[in-house]
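Chemist: Shown below is the structure under consideration.
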Amino acid sequence: MIEDPEGTLEALAGFLDSGLGAVEEAVRKAAAAEIMPRFRQLAEHEIVEKNGPHDLVTVADRRAEEHLTAALTALLPGSVVVGEEAVHADPSSYGALREDAPVWIVDPVDGTRQFVHGDPGFCTLVALAHRGELLASWTFAPALDEMAVAVRGRGARLDGELLTPGAPRPGQPLAVASSHPDYTTPEQKQALLGLNAEGVHARPCGSAGLEYLAIAKGELDAVAFSWENAWDHAAGLLLVTETGGTHRTIAGEPFRIEGGNALPFSAGRDSATVDRVVGLLSRGA
């Protein structure tokens with residue numbers, strides 16, 4: 001825990017002014033060293049089930065998270081990491097999201113199922129947060145060579161180009177990516193059935209990080225998700241909000257990265273879109 005909150009805020013402000021490029025370099029290096037050499041090269045013993053056949057982890061996930069943990073905490077002394085694989089090993093480490101130290105939220109390979117099957121639709125997600133507030137995020141799709149960076153109050157860019165998706169076109173069906181019904185509770189499944197409505201084209205999601213990026217690019221209108229792991233959502237939520245979008249839970253509240261949300265929740269290109277999706281989810285529930 002950081003003992004000097006004012007000093008922490010000053011350090012964070014300085015880091016956001018000068019350290020963003022170093023984080024991007026660290027993310028690229030981790031992917032180049034630990035992920036891409038194993039893409040389409042995984043041996044059977046390098047793939048392990050965590051909580052079932054649809055929840056996989058590979059040696060690339062673990063080593064990339066270790067690589068990023070060392071690099072990111074060195075870039076910002078006093079910071080800590082909440083990473084998917086570390087939390088799987090020690091669930092109590094998730095509590096760092098509610099403490100005073102700056103937190104790096106890391107998903108080393110978002111879309112592990114795609115990665116395992118040789119599909120390029122996976123990415124590395126990193127977000128920097130402090131006391132529940134998202135400050136910056138990096139979404140890197142190494143097999144597609146796309147890097148999106150968002151900074152609170154400064155917008156979001158994809159490969160250096162400002163992202164400005166705008167609102168969905170009036171009168172066009174809403175394109176929504178949602179949690180797969182097979183991976184939801186009965187109550188959540190019922191809520192998601194509300195998306196089976198006229199004027200909505202809903203489909204199961206792929207990599208959550210790339211679905212958020214699709215919203216920021218204007219290729220997707222909204223997502224509707226039934227789980228709240230911070231590493232899946234933090235980077236993308238900042239991308240969406242910095243491109244003019246918003247997010248709300250089925251209870252009508254903003255999604256909280258530290259947890260305790262009413263689920264499902266939605267994020268979308270603008271407030272009207274999210275209102276519509278949340279209304280459909282509520283109707284389904």
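Chemist: Please state which of the following conditions residue 220 fails to meet, knowing it meets all the rest: (1) open to solvent by 10 Å² or more (accessible area, probe 1.4 Å); (2) at pLDDT 95 or above.
Modeler: (1)
Chemist: Taking residue 227 as the residue in question, decide whether it is under 21 Å from residue 251 (Cα atoms) and either in contact with a strand residue (DSSP E or B) (Cβ under 6 Å, 6 or more places away or on another chain) or open to solvent by 10 Å² or more (accessible area, probe 1.4 Å) (or both). First the steps, then the outcome.
Modeler: Values: under 21 Å from residue 251 (Cα atoms): yes; either in contact with a strand residue (DSSP E or B) (Cβ under 6 Å, 6 or more places away or on another chain) or open to solvent by 10 Å² or more (accessible area, probe 1.4 Å) (or both): yes.
For residue 227, the condition - under 21 Å from residue 251 (Cα atoms) and either in contact with a strand residue (DSSP E or B) (Cβ under 6 Å, 6 or more places away or on another chain) or open to solvent by 10 Å² or more (accessible area, probe 1.4 Å) (or both) - is met.
Chemist: Pairs please, first residue from the stretch 151-165 and in contact (Cβ under 8 Å) with a residue 12 or more places away in the chain, second anywhere and β-branched (Val, Ile, Thr) and open to solvent by 90 Å² or more (accessible area, probe 1.4 Å), Cβ atoms under 9 Å, 6+ apart in sequence or on different chains.
Modeler: Qualifying pairs under 9 Å: 155/164.
Chemist: A follow-up question, please. Could you tell me which of the residues 174, 213 is in contact (Cβ under 8 Å) with a residue 24 or more places away in the chain and closer than 24 Å to residue 113 by Cβ? Outline the logic, then answer.
Modeler: Details: 174 fails: closer than 24 Å to residue 113 by Cβ.
So the residue among 174, 213 that is in contact (Cβ under 8 Å) with a residue 24 or more places away in the chain and closer than 24 Å to residue 113 by Cβ is 213.
Chemist: Hey, another quick one. Any idea how many residues of the stretch 196-209 are under 20 Å from residue 184 (Cβ atoms) and either open to solvent by 10 Å² or more (accessible area, probe 1.4 Å) or modelled with pLDDT under 95 (or both)?
Modeler: First, the residues of the stretch 196-209 that are under 20 Å from residue 184 (Cβ atoms): 196-197, 200-209.
In the following step, the residues that additionally are either open to solvent by 10 Å² or more (accessible area, probe 1.4 Å) or modelled with pLDDT under 95 (or both) were identified as 196-197, 200-206.
Qualifying residue count for the region: 9.
Chemist: Could you run through the stretch 235-257 and say how many residues are farther than 13 Å from residue 150 by Cβ and open to solvent by 50 Å² or more (accessible area, probe 1.4 Å)?
Modeler: Residues of the stretch 235-257 farther than 13 Å from residue 150 by Cβ: 246-257.
So of that shortlist, the ones also open to solvent by 50 Å² or more (accessible area, probe 1.4 Å) come out as 251, 253-254, 256.
Final tally of qualifying residues: 4.
Chemist: Taking into account only those residues within the stretch 16-75 that are in a loop (DSSP other than H, G, I, E, B) and more than 15 Å from residue 108 (Cα to Cα), which is modelled with the highest pLDDT?
Modeler: In the first step, residues of the stretch 16-75 are kept if they are in a loop (DSSP other than H, G, I, E, B); the result is 19, 39-43, 53-54.
The next check asks that each one be more than 15 Å from residue 108 (Cα to Cα); those that pass are 19, 40-43, 53-54.
Working: 19: 95, 40: 88, 41: 82, 42: 71, 43: 66, 53: 47, 54: 53.
Among those residues, the one meeting the criterion is 19.
Chemist: Something else: Within the stretch 126-154, can you find the residues that are surrounded by 15 or more Cβ atoms within 10 Å (Cβ to Cβ) and at positive phi?
Modeler: Start the filter on the stretch 126-154 by keeping residues that are surrounded by 15 or more Cβ atoms within 10 Å (Cβ to Cβ), which leaves 126-131, 134-143, 146-152.
If the condition is that a residue be surrounded by 15 or more Cβ atoms within 10 Å (Cβ to Cβ) and at positive phi, then 131 is the only one that fits.
Chemist: Does residue 187 meet the test of being in a loop (DSSP other than H, G, I, E, B) and of a type in the set (Asp, Glu)? Working first, answer last.
Modeler: Values: in a loop (DSSP other than H, G, I, E, B): no; of a type in the set (Asp, Glu): yes.
So residue 187 does not fit the description; no.
The values are calculated or read from the model by the stated rules, or taken from the named source; none is laboratory data. Not measured: the values here are computed from a predicted model. Here the Cβ is made from the backbone with ideal geometry for all residues, glycine too, and neighbour counts use every protein chain on show. Note: areas computed on protein heavy atoms with side chains; ligands, DNA, RNA excluded. Shrake-Rupley method; radii C 1.70, N 1.55, O 1.52, S 1.80 Å.
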